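Asks: My structure is below; once you've seen it, I'll send some questions.
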Amino acid sequence: MSNSRDRPAAGEGEAQDREARLNTLKGIILVNVATLTWATNITLGRSLRDDIGPLTLAAGRFALAAPVFAALLWHRSVESHRFVEEHRPGRDRWLLLGMALAGVVAFAPTLYLALRYTTAVNATLINGFGPLITGLLAGLLIGEPMSRRQVVGAVVALAGIAVLISGGSTAFLRQAAVNAGDLIVVGAVTLWAIYSVLGRRLMHRRSALSATALSSFMGLPFLALAAVCEASVLPPSISPRLLLALLYIGVVPTVGGFLAWNAGVRRLGASGAMVFYNTLPLYGALLGYFVLGEPVGPAHLAGGVLVVGGALWASRGGRN
């Protein structure tokens, strides 16, 4: 009799395990979608550095994204009958404001500014420190420490980035020098880590769409004001190329990437999701090969294996 009573419990446990694995897989896919779209954003941001200022570019992308966020948020709230909860900041207003200031107002212009003064190689290497910074901040701010598996995965992925961008040569290390652009990238990565940690805490009780949309709405006025000031001294060079690039950046990396990232953070946690931030330089190398015709050699392949392998290793076993 006791065995028959235990069978449903065992079956229920297996079902829960399958659901947990599926949820983790969804999180992995979502954050990889985000990093892929952001790789295209960095490529475009670098190519547009002489056409538009960093503040104006950031304001333009969120101005284009805002109506898309509004339409998606309206549809979701009507469908779920949660208009008030989804559309109003309520008690989450300070967390949303923090996300707006860190991830919308500060991060995007800081990244675009850095791309004006540093190489893509240096920026990519520095971005590899993102998971470790996020893990540290998650432990300090919301009590979500990195597991040993996540620490090992982050270090392995960081080693992969070093191989990827150095071409496997130690000459890169001897020649590398820190400049103002490199320091700005460090600031950008730290800002994104703060955004991810705040988003993790907020999305315990609010959808990823609501958190992303409302933080974007709250940050846009600050960006618009800053862009007006910047445009008076650094006017953009309006062209069909610039307008098409702005349209793409405003919809795909901003709407699609932000939603995918926050939904992934909700499933994997801030530090777990940030491990996959290291796939961004890998996707950048692939885009360079397929879109720009840049060579991909053994060092790129070896570095890519370490990046993806480290991220997958970190994702197994969950969080502490």
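Asks: Among the numbered criteria (1) modelled with pLDDT under 80; (2) farther than 24 Å from L202 by Cα; (3) of a type outside the set (D, E, K, R), which one does I184 miss?
Replies: (1)
Asks: Shifting gears a bit: Take the stretch 137-154 and flag every residue that is closer than 20 Å to H204 by Cα, hydrophobic (A, V, I, L, M, F, W, C) and surrounded by fewer than 24 Cβ atoms within 10 Å (Cβ to Cβ).
Replies: Those that are closer than 20 Å to H204 by Cα, hydrophobic (A, V, I, L, M, F, W, C) and surrounded by fewer than 24 Cβ atoms within 10 Å (Cβ to Cβ): L137, L140, L141, I142.
Asks: Here is a list: L209, L244, L223. Which entry is assigned to a helix (DSSP H, G or I) and free of Cβ contacts under 8 Å to residues at least 24 places away in the same chain?
Replies: Residue meeting the stated conditions: L244.
Okay, residues lined up against (1) out of contact with any strand residue (DSSP E or B) (no Cβ under 7 Å at 6 or more places or on another chain); (2) modelled with pLDDT under 85; (3) closer than 29 Å to P67 by Cβ:
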{"site": "L234", "(1), (2), (3)": "yes, no, yes"}
{"site": "A263", "(1), (2), (3)": "yes, no, yes"}
{"site": "S271", "(1), (2), (3)": "yes, yes, no"}
{"site": "L280", "(1), (2), (3)": "yes, yes, yes"}
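Asks: What number of residues within the stretch 258-279 are surrounded by fewer than 24 Cβ atoms within 10 Å (Cβ to Cβ) and in contact with a Phe, Trp or Tyr (Cβ under 9 Å, 6 or more places away or on another chain)?
Replies: 1
Asks: Scanning the stretch 29-65 for residues that are assigned to a helix (DSSP H, G or I), small (G, A, S) and at pLDDT 90 or above, which turns out surrounded by the most Cβ atoms within 10 Å (Cβ to Cβ)?
Replies: Checked the stretch 29-65; the qualifying residue surrounded by the most Cβ atoms within 10 Å (Cβ to Cβ) is A58.
Asks: Any residue at all in the stretch 241-249 that is of a type in the set (K, R) and closer than 30 Å to E19 by Cα?
Replies: No - not one qualifying residue is present in the stretch 241-249.
Asks: Consider K26 against the criteria (1) buried (at least 21 other Cβ atoms within 10 Å of the Cβ); (2) at pLDDT 90 or above; (3) closer than 24 Å to G310 by Cα: it satisfies all of them except one. Which criterion is unmet?
Replies: Against the list (1) buried (at least 21 other Cβ atoms within 10 Å of the Cβ); (2) at pLDDT 90 or above; (3) closer than 24 Å to G310 by Cα, K26 comes up short only on (1).
Asks: Same structure, new question: Can you tell me which residue among V104, V84 is exposed (fewer than 14 other Cβ atoms within 10 Å of the Cβ) and either at pLDDT 80 or above or in a helix (DSSP H, G or I) (or both)?
Replies: Of V104, V84, the one residue that is exposed (fewer than 14 other Cβ atoms within 10 Å of the Cβ) and either at pLDDT 80 or above or in a helix (DSSP H, G or I) (or both) is V84.
Asks: Does any residue in the stretch 125-138 that is within 16 Å of G199 (Cα to Cα) come within less than 8 Å, Cβ to Cβ, of a residue that is at pLDDT 80 or above and not in a helix (DSSP H, G or I) six or more places away or on a different chain, and which pairs are these?
Replies: A138/G269
The values are calculated or read from the model by the stated rules, or taken from the named source; none is laboratory data. Please read these numbers as outputs of a predicted model, since none were measured by experiment. Here Cβ is always computed from backbone atoms with ideal geometry, including for glycine, and neighbour counts include all displayed protein chains.
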